[in-house]
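Peer 1: Got a structure here, written out as structure tokens. Questions coming.
The values are calculated or read from the model by the stated rules, or taken from the named source; none is laboratory data. All figures in this text were calculated on a predicted structure; none of them were measured in a lab. All Cβ positions, even for glycine, are placed from backbone atoms using ideal geometry, and neighbour counts span all protein chains on display.
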Amino acid sequence: MQKIIIFLGLALFWSCKQQPKETADTTVINAVEEIQKPKNTFGIVIHGGAGTILKKNMTPEKEAAYKAKLEEAIKVGHTILKNGGTSLEAIEKTINILENSPLFNAGKGAVFTAEGTNELDASIMDGSTLNAGAVAGVKTVKNPINLAKEVMINSPHVLLSGSGAELFAKEQGLEIVDPSYFFTESRMKALERVKEKETNKTASFYDPIIKDSKFGTVGCAALDKHGNLAAGTSTGGMTNKKWNRIGDSPIIGAGTYANNATCAVSSTGWGEYFIRGMVAYDISAMMEYKGISLQEASEKVIQDKLKNLGGTGGIVAIDNQGNVAMEFNTAGMYRATMNAAGDLTVGIYKE
Ligand code: ASP
């Protein structure tokens, strides 16, 4: 009898270990996850900065060059996603193309500080884990978005800055360049223009020439075939910035945010206002708590809340169903998007 009881006990223990506990609750959660994670759809959206970008100030050659680079970059990310790669990989590789171009205020084309140096900021976030990485004020890292990813994956931290971030970059084997790599004639001229205006007091910090001296921050938001969202942003910040100023781009929640439950967002514009408005997180929070769509949430945050604060700029975002938003309250925003069907849209001005 005792043997039978022991045998039954062991059999019961074994069967409990083998069978996953399926309750009504977990069935519902699984079902919701299934709805929230559409398999096999994917999409990607990028920006190359927002500001007073007017057609009358643009030559056809310049316009064509911007459009071609945006198209080249988004196609890199789109191919990764189409082949089943992750949204994080798509973000990094897409942003690398923009960072390596002198056209944008990120990586190679970074704007100059008041001291004539370049200090770069970047961040990335994984919507499936809510893990994030960011760097601020780096001067020798060729692709700051790669370093942000290393911080996320290979360190216990979220945000590293300055010489410590550069040491970490070396330890991770990232490409280090001489600071002169970031020199471009056009950004140096922009610094001289802004300095001249400020010295002669012909423009205050709040004038358009100063506000718009930062064009070209780059960012990307993507949904992969596995239903995972990610976002990333990379910038040189603001022309003539002083005192190791750090903008919104490396601030998780302001410049970048991603959450599989809602959306992935990358911001561009006057960073101080994006930090005060927690713009990227606010869009996600509006969707989560109010149950509104990505488009509604983006409009509310960019056209009402940010504007009321006095902030200018925009965002690109994608939700967990692949819907895209490209919202800005400036005259223009360099942008592009591509969906699972391969439809491509590239834009610069408010159309
Ligand atoms: N948001 C960036 C910053 O303030 C600049 C930009 O997006 O144009 O550093």
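Peer 1: From the list T117, T79, which one is within 16 Å of the ligand (Cβ to nearest atom) and on the phi < 0 side of the Ramachandran plot?
Peer 2: Within the list T117, T79, the selection yields T117.
Peer 1: Then there's this: Criterion first (touching a helix residue (DSSP H, G or I) at 6+ places or on another chain (Cβ under 7 Å), surrounded by fewer than 21 Cβ atoms within 10 Å (Cβ to Cβ) and among the aliphatic types (A, V, I, L, M)) does I292 satisfy it?
Peer 2: Yes: the conditions hold for I292.
Peer 1: Here is a follow-up. Do the conditions hold for E192, that is, is it modelled with pLDDT under 95 and within 21 Å of V111 (Cα to Cα)?
Peer 2: The answer is yes for E192.
Peer 1: Scan region 182-203 residue by residue and report those that are loosely packed, with under 15 Cβ neighbours inside 10 Å and assigned to a helix (DSSP H, G or I).
Peer 2: E185, S186, M188, K189, E192, E196, T199
Peer 1: Select from region 318-331 the residues that are small (G, A, S) and at pLDDT 95 or above and write down the one among them that is surrounded by the fewest Cβ atoms within 10 Å (Cβ to Cβ).
Peer 2: Top of the filtered list is G322.
Peer 1: Now for a different question. Filter region 58-70 for residues that are part of a helix (DSSP H, G or I) and touching a helix residue (DSSP H, G or I) at 6+ places or on another chain (Cβ under 9 Å); which is farthest from the ligand (Cβ to nearest atom)?
Peer 2: E63
Residue by residue, here is whether (1) surrounded by fewer than 24 Cβ atoms within 10 Å (Cβ to Cβ); (2) among the polar types (S, T, N, Q); (3) out of contact with any Leu (no Cβ under 9 Å at 6 or more places or on another chain); (4) in a helix (DSSP H, G or I) holds:
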site: K56; (1), (2), (3), (4): yes, no, yes, yes
site: I80; (1), (2), (3), (4): yes, no, yes, yes
site: I95; (1), (2), (3), (4): no, no, yes, yes
site: E115; (1), (2), (3), (4): yes, no, yes, no
site: L147; (1), (2), (3), (4): no, no, no, yes
site: M152; (1), (2), (3), (4): yes, no, no, yes
